[in-house]
Amino acid sequence: MTHSFLAFIDESGDDGLGKYREPGKNGGASHWLVLSACIIRKSNSLEAVGWRNEILRKAQKGGKELHFVNLNHGQRVVAAQCLSEKPVRITSVLAAKKHIHGGLYTDKNQLYFYMARYLVERISWLCRDMRPRVPEGNGQVGIVFSRRGGMSYSDFKNYLLKLKDNQNSNVRIHWPVIDIDAVEAQDHSRMAALQL
């Protein structure tokens, strides 16, 4: 049986700590790391292309790829207004990195994984709570990340398995709706839903 939901995850910023970017200058780490998920019913997944194209048309943005960083303020407002009218849910987690002790996250992707854990937690709650209104599928969510360089998605799956096996009371992911095996990464430019 197929998933009931799909969650498309992308980030803004980076997970580097220290040597933060100065305003008006190039180089340095971002001050924030933001991970966001656009959650839709799987039965609506093909409509994402039309939704993306509608945003591009209304924002008077040429091309076939939507990327928030390439929009001006007015176009961003149009994009937010368009999305607010669609059957999607958006959830985000944010880290103000300047307040994180420099020696805390030393392993590769450690901060990213930690934040993704909290994002998956929120995705799981939404899918659990929406299940009575979404009878199609198996009740689970397929998670699709926007591919990022240097990220091992098999390592992330192993991280989720470790969290699931630990049964730590601090981990509040509703595991029955999370299909760890279905976690994958796709190129942002190839999937309209990732661009949303």
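The values are calculated or read from the model by the stated rules, or taken from the named source; none is laboratory data. Predicted model only: the values in this text are computed from it and were never measured. Every residue, glycine among them, receives a Cβ derived from its backbone with ideal geometry; neighbour counts consider all protein chains shown. In case anyone asks, the SASA skips ligands and DNA or RNA and just uses the protein heavy atoms, side chains included. Shrake-Rupley method; radii C 1.70, N 1.55, O 1.52, S 1.80 Å.
Search the range 79-106 for residues being farther than 30 Å from Ser4 by Cβ and within 21 Å of the chain's Cα centre (by Cα), and hand back the single one that is least open to solvent (accessible area, probe 1.4 Å).
Taking the candidates together, the pick is Lys97.
Show the residue pairs that are 6+ apart or on different chains and have beta-carbon atoms under 9 Å apart, the first residue being within the range 171-189 and over 14 Å from Gln140 (Cβ atoms) and in a strand (DSSP E or B), the second being among the basic types (Lys, Arg) and open to solvent by 10 Å² or more (accessible area, probe 1.4 Å).
So the pair list comes out as Ala185/Arg147; Ala185/Arg148; Gln186/Arg147.
Has the range 76-87 got any residue that is in contact with an Asp or Glu (Cβ under 7 Å, 6 or more places away or on another chain) and more than 23 Å from Glu184 (Cβ to Cβ)?
yes
Scan the range 39-73 residue by residue and report those that are open to solvent by 70 Å² or more (accessible area, probe 1.4 Å) and of a type in the set (Gly, Ala, Ser).
Ser43
Please state which one of Gln195, Gln167 is open to solvent by less than 60 Å² (accessible area, probe 1.4 Å) and out of contact with any Ser or Thr (no Cβ under 6 Å at 6 or more places or on another chain).
Sole residue among the options that is open to solvent by less than 60 Å² (accessible area, probe 1.4 Å) and out of contact with any Ser or Thr (no Cβ under 6 Å at 6 or more places or on another chain): Gln195.
With the requirement that a residue be of a type in the set (A, V, I, L, M, F, W, C) and within 18 Å of Gln75 (Cβ to Cβ), what does the range 42-57 give you?
Trp51, Ile55, Leu56
Filter the range 119-149 for residues that are open to solvent by 30 Å² or more (accessible area, probe 1.4 Å) and either assigned to a loop (DSSP other than H, G, I, E, B) or in contact (Cβ under 8 Å) with a residue 60 or more places away in the chain (or both) and give the result.
Those that are open to solvent by 30 Å² or more (accessible area, probe 1.4 Å) and either assigned to a loop (DSSP other than H, G, I, E, B) or in contact (Cβ under 8 Å) with a residue 60 or more places away in the chain (or both): Arg122, Leu126, Met130, Arg131, Pro135, Glu136, Asn138, Gln140, Arg147, Arg148, Gly149.
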